[in-house]
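Take a look at the structure set out below.
The values are calculated or read from the model by the stated rules, or taken from the named source; none is laboratory data. Here the structure is a predicted model, which means the values were calculated and not measured. For neighbour counting, all protein chains shown are included, and Cβ atoms are generated from backbone atoms with ideal geometry for every residue, glycine included. With ligands, DNA and RNA removed, areas are computed over all heavy atoms of the protein, side chains included. Shrake-Rupley method; radii C 1.70, N 1.55, O 1.52, S 1.80 Å.
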Amino acid sequence: MKKRFTSEDIELLREILEESPQYLEGIEDNILSLEKNPSEEIIDEVFRTFHSLKGITGFVDLPSVTKTCHSLESLVKMIKEDKATITNSIIDLLLDGTDLIKEIMANIESAISNYNGGEIEIDVIGLGEDEIEKRVQDISNLEVESKPEREEIIPEKDISEGILSDTFLTESLNDFTEAVSYTHLRAHETPEHL
């Protein structure tokens, strides 16, 4: 499904396209490392990648990327909280979601490469994000069934006809602000604080 973007949106998209490679660089290696060495540091790095991308793509309303990042972030959160065990299925899902994000970003970059002003329509909804969300939900349900004392892991989000709700966007913005604050604090810590 196509979404219309204004010239101001295109400038934001260009900034996101410029920033996104720094988030996606090395993500596959980190995901593959989870199979061999699921350290807290690597899990946190994978979580922060999806969390940060969710935040920046929420600013310009890229539902497919935001929803995919949210689903993958929820999956990694389950791992962080020991509510899911790292399996080949989870690794495959994280890699498939990452590939989808990269593909969508490449399609957006291609669409705006010949942009010459005015409004433009770009496919950004219904590009595979629902399949990723369903697969995450299926894993969540399996984990919940195998450990019945747990509550539902991934809450339903109010998404209407592919457009993200104000509540979800506000939550994403708050998550992004927290991530920036965390990164800022970590950058200014001295060795004595670590």
Could you run through the stretch 90-120 and say how many residues are over 16 Å from the mean Cα position of the chain (by Cα) and open to solvent by 70 Å² or more (accessible area, probe 1.4 Å)? 7
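Let's see how each residue does on (1) under 21 Å from V65 (Cβ atoms); (2) part of a helix (DSSP H, G or I); (3) at pLDDT 90 or above:
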site: L95; (1), (2), (3): yes, yes, yes
site: D99; (1), (2), (3): yes, yes, yes
site: N116; (1), (2), (3): no, no, no
site: R150; (1), (2), (3): no, no, no
site: E171; (1), (2), (3): yes, yes, no
site: A179; (1), (2), (3): yes, yes, no
Could you check the stretch 74-83 and list, in sequence order, the residues that are open to solvent by less than 10 Å² (accessible area, probe 1.4 Å) and either within 12 Å of E133 (Cα to Cα) or touching a residue at least 60 places away in the same chain (Cβ under 8 Å) (or both)? L75, M78
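Let's see how each residue does on (1) among the aliphatic types (A, V, I, L, M); (2) on the phi < 0 side of the Ramachandran plot; (3) loosely packed, with under 12 Cβ neighbours inside 10 Å:
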{"site": "D9", "(1), (2), (3)": "no, yes, no"}
{"site": "L12", "(1), (2), (3)": "yes, yes, no"}
{"site": "L24", "(1), (2), (3)": "yes, yes, no"}
{"site": "I27", "(1), (2), (3)": "yes, yes, no"}
{"site": "N30", "(1), (2), (3)": "no, yes, no"}
{"site": "S33", "(1), (2), (3)": "no, yes, no"}
{"site": "K36", "(1), (2), (3)": "no, yes, yes"}
{"site": "E41", "(1), (2), (3)": "no, yes, yes"}
{"site": "E45", "(1), (2), (3)": "no, yes, no"}
Considering each of E8, E28 in turn, give the residue that is touching a residue at least 40 places away in the same chain (Cβ under 8 Å), acidic (D, E) and in a helix (DSSP H, G or I). E28
Cβ contacts < 6 Å: first residue among the aliphatic types (A, V, I, L, M), restricted to the stretch 56-68; second residue not in a helix (DSSP H, G or I), any location; separation 6+ or different chain. Result? L62/V124
Taking K134 and the conditions (1) over 27 Å from E18 (Cα atoms); (2) open to solvent by less than 80 Å² (accessible area, probe 1.4 Å); (3) at pLDDT 65 or above, which numbered condition does it fall short on, given that it satisfies the others? (2)
Consider I125 carefully, then state whether it is surrounded by 15 or more Cβ atoms within 10 Å (Cβ to Cβ), in contact with a Gly (Cβ under 6 Å, 6 or more places away or on another chain) and part of a loop (DSSP other than H, G, I, E, B). yes
Going through the stretch 47-70 one residue at a time, which ones are within 19 Å of E81 (Cβ to Cβ) and either open to solvent by 10 Å² or more (accessible area, probe 1.4 Å) or assigned to a loop (DSSP other than H, G, I, E, B) (or both)? F47, R48, H51, H70
